[in-house]
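The values are calculated or read from the model by the stated rules, or taken from the named source; none is laboratory data. In this text, all values refer to a predicted model and were calculated from it rather than measured experimentally. Every residue, glycine as well, gets a Cβ built from its backbone with ideal geometry; the counts of neighbours run over all protein chains shown. Surface accessibility is based on the protein's heavy atoms, side chains included, excluding ligands, DNA and RNA. Shrake-Rupley method; radii C 1.70, N 1.55, O 1.52, S 1.80 Å.
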Amino acid sequence: MTGQARLVYAFAAGHELTQERRYLDLARRGADLLLERFHDPLHGGFFHTLAPDGSPRAMHKRAYGHAFALLALAELYRVGRDARHRDAALRAWAEIETGFFDAMGGLVNECGRDFKPFPGARTQNPVMHMFEAVLALAEGSGDKAAQAGARRLGDFVAYRLLQGQAESDGGGARIPEWYDEAWKPLPSKDAGGYIDLGHQFEWSHLLTTGAAVSPVYPQVAERVLAYALAAGYDEIDGGCGTRAFPDGARADASKGWWQQAECLHALLVAAQASGRNDLWRRYEQTLGLVREQLVDAGQGGWQAAYALPCRSGGCKDEQPDPYHMVRLHQAALKLAT
């Protein structure tokens, strides 16, 4: 479902930017399948996986995938203005609120078909993408419940998950990746705890976008970006690493493709908002890295790099799905107009 929803979103964005009708037609066809085949007619929500014949293959439900279903429907409505997609997005958000929120205010990762939660650790990742999706729903539809939902998720991160850092450690604030069921961060690398550096950059630009919901969020965004730059930015070659660890273990400085997209996106948004020359310098430096090592000059798109440089065997001969890049280009074009 995640792949299906991301492509619906990408084709909707393609239509908005080019006005080519074929992209909108593809987005609508993809949304039709999402609503007709992935949606659970009995309990609501969306199945995880379909078989090639369109029947459900895996009926469990993941908050991460639901965030992208919501994003796809919200963006398709904003671009195509078909009330069916607005209504479907609002229904999806209502089902998410009922089915995935836990007593702490965060999201359960996985549920059964009947939304009975599976036990296990929590992660911030679906919270981040749900914040992104419900922000898009609020912006596109003007729905007050969606705006309240964005505030609910944003406040959960800002006031519960955010960890301020001492000035001696570079200052700023970070959002750990994994938690126990009570949303207590996993304490060490050995225990599975880490800080995803790409997600820190991603949170930075998403929280900046959330200024319409709360004036606190851009301030949090600045602190998260400060941490991400101190902990993960490569000042020599540009770009960012993969992970840092809460117990002081050595950070993973390898560079994957999507982390560079989010690093670039965050630098662009923050530099435009602040006018800081140091951020523009890093933006240009990282843009050069992306152009040199990730853009596929022959076929277009980006190479699926799990570790740069590609000459070391870190790039696969395949195209990743376009979500991260499309989001980046949307931001760049918006800021340029």
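Assorted remarks:
- Enumerated helices (runs of 4 or more DSSP H) restricted to the range 74-184, each holding at least 2 residues that are more than 30 Å from residue 23 (Cβ to Cβ): 83-100, 144-156
- Any hit, the range 63-72, residues being open to solvent by less than 10 Å² (accessible area, probe 1.4 Å), modelled with pLDDT of 95 or more, touching a Lys or Arg at 6+ places or on another chain (Cβ under 6 Å) and not basic (Lys, Arg): yes
- Lone unmet requirement of (1) touching a residue at least 40 places away in the same chain (Cβ under 8 Å); (2) aromatic (Phe, Trp, Tyr); (3) within 19 Å of residue 225 (Cα to Cα) for residue 283: (1)
- Residue within the range 106-113 that is aliphatic (A, V, I, L, M) and touching a helix residue (DSSP H, G or I) at 6+ places or on another chain (Cβ under 8 Å) present: yes
- Pairs where the first residue, in the range 168-197, is basic (Lys, Arg) and the second is assigned to a strand (DSSP E or B) and open to solvent by 60 Å² or more (accessible area, probe 1.4 Å), C-beta under 9 Å, 6+ apart: 189/243
- Enumeration of residues in the range 26-38 that are within 17 Å of residue 91 (Cα to Cα) and touching a helix residue (DSSP H, G or I) at 6+ places or on another chain (Cβ under 8 Å): 31, 33, 34, 35, 38
- A Cβ distance below 6 Å, combined with a sequence gap of six or more or placement on separate chains, defines the contacts here; from the range 12-34, residues that are open to solvent by 60 Å² or more (accessible area, probe 1.4 Å) reach residues that are modelled with pLDDT of 95 or more in the pairs 16/79; 26/11.
- Between 271, 212, 266, the distinction of being surrounded by fewer than 16 Cβ atoms within 10 Å (Cβ to Cβ) and not aromatic (Phe, Trp, Tyr) belongs to 212 only.
- Test: residue in the range 244-263 that is farther than 30 Å from residue 188 by Cβ, assigned to a helix (DSSP H, G or I) and open to solvent by 20 Å² or more (accessible area, probe 1.4 Å): no
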